[in-house]
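Report on the structure given below.
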Amino acid sequence: MSQIESMRVLVSVVDAGSLSAASRKLGMPLATVSRRISQLESHLKAPLLIRSTRQLKLTDAGSAYVGACRRILDDILEAERTAAGEYGAPRGEVIVTAPFVFGRLHVLPVLCEFLHAFPEVDVRFALGDRPVNLLEDQIHAAVRIGVLPDSGLIATSLGAVRRVVCASPEYLARHGRPSHPSVIAAHQCVGFELFATANSWSFDIDGNEVRVPFRPRLVVNTAEAAIDAVIAGVGLTSVLSYQVESAVRARQLEIVLQEFEPRALPVTVLYSDQGRLPLKLRALLDFAAPRLRARLREIEAAFVTPNK
């Protein structure tokens, strides 16, 4: 059991960010925390932590070992709860990630509902657009937008979002409504520097996805900035449907070139197939998936009727 306790100490140190913070969290003398880590390193014959006055980092061996420790400690906790007959209700922490804007607008409200419904489950929610490795980053579930590569993960479909081109009613009144992607080069455009789309957009032309180039009047690096610019009348921009849903409903923006939109992007939730799912994760998936599907249907409803 001494080694298990040392594992718990190591995980606490990593989560707390320092030996002293872990000492306070655990109510354990700092010297004891340091000794536990040293005992593990001596047993493994490998350094686990790189200590400095400013920060604490895991070595490569330490990163792999901490991941294994988390799985072992989770298994022990599950076994203890099962043996004690306490597995009838979800408990523990679930770690979830989602893209910045979609996560803030749609995943976070669902997670807040989940916390009210399951008072013994805590959620750590990380917003980010970069790809993550669920196993290495110790993430239980990831909401992702776009076609996914084969990864061995379980993917549950939530729906889809569209790539739309939009402009303000005032801009369209002044410059006219584009009737074909080939004319966007004659319009003022706002480029969005994500996935190299600052000076070309994808369209479906005669069943083929074609990138149409243009010269942007303005280039920004967030969807929110692009949307603000087109609401102000700068020109056209291309973003994802959920990013402009509220502006379309408020009639601040109109969608153009709908008949040339490229294929919609799938929205999925990913999780690892590691045998029996922890009850806390199963509860989250069962709770969140239908609510996120409903939200995606509501988004689609804002774009069903072409603007006149």
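Only the coordinates and a few stated rules stand behind these numbers; no lab work does. What you are looking at is a predicted structure, and each value in this text was computed from that prediction instead of being measured. Reconstructed Cβ throughout: ideal geometry from the backbone, glycine too, with neighbour counts over all protein chains shown.
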The alpha-carbon pair-distance distribution computed for the stretch 203-308, with 10 angstrom bins and whole-percent values, is 11, 32, 31, 16, 9, 1
Just for the chain, what percent of DSSP beta bridges are antiparallel, to the closest 5? 70 percent
Lysine pairs within the chain, Cα separation less than 30 Å, 8 or more sequence positions apart or different chains: 5
Taking the Cα centroid of the stretch 163-242 and of the stretch 22-72, what is the distance between the two, rounded to the nearest whole Å? 51 Å
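Determine the gain in length on full extension of the stretch A117-D75; use 0.36 nm per residue of separation and subtract their C-alpha separation, reporting nm with one decimal.
Numbers: separation 42, 0.36 × 42 = 15.12 nm, distance 2.46 nm.
Extra length available between A117 and D75 comes to 12.7 nm.
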Stretch gain in nm, segment E136-K57, where the contour uses 0.36 nm per residue and the Cα spacing is subtracted: 26.9 nm
Mind sorting H116, H187, H175 by how few other Cβ atoms lie within 10 Å of their own Cβ, fewest first? H116, H175, H187
Report the Rg/Rh value for the chain, based on alpha-carbon coordinates and the Kirkwood definition of Rh. 1.09
For V304, V210, what ranking results if the residue with the fewest other Cβ atoms within 10 Å of its Cβ goes first? V304, V210
Length-normalised contact order of the stretch 2-83, Cα under 8 Å, at least 6 apart, in percent, tallies to 28 percent
Relative to the present Cα-Cα distance, how much length would full extension add between R177 and A250 at 0.36 nm per residue of separation? 24.4 nm
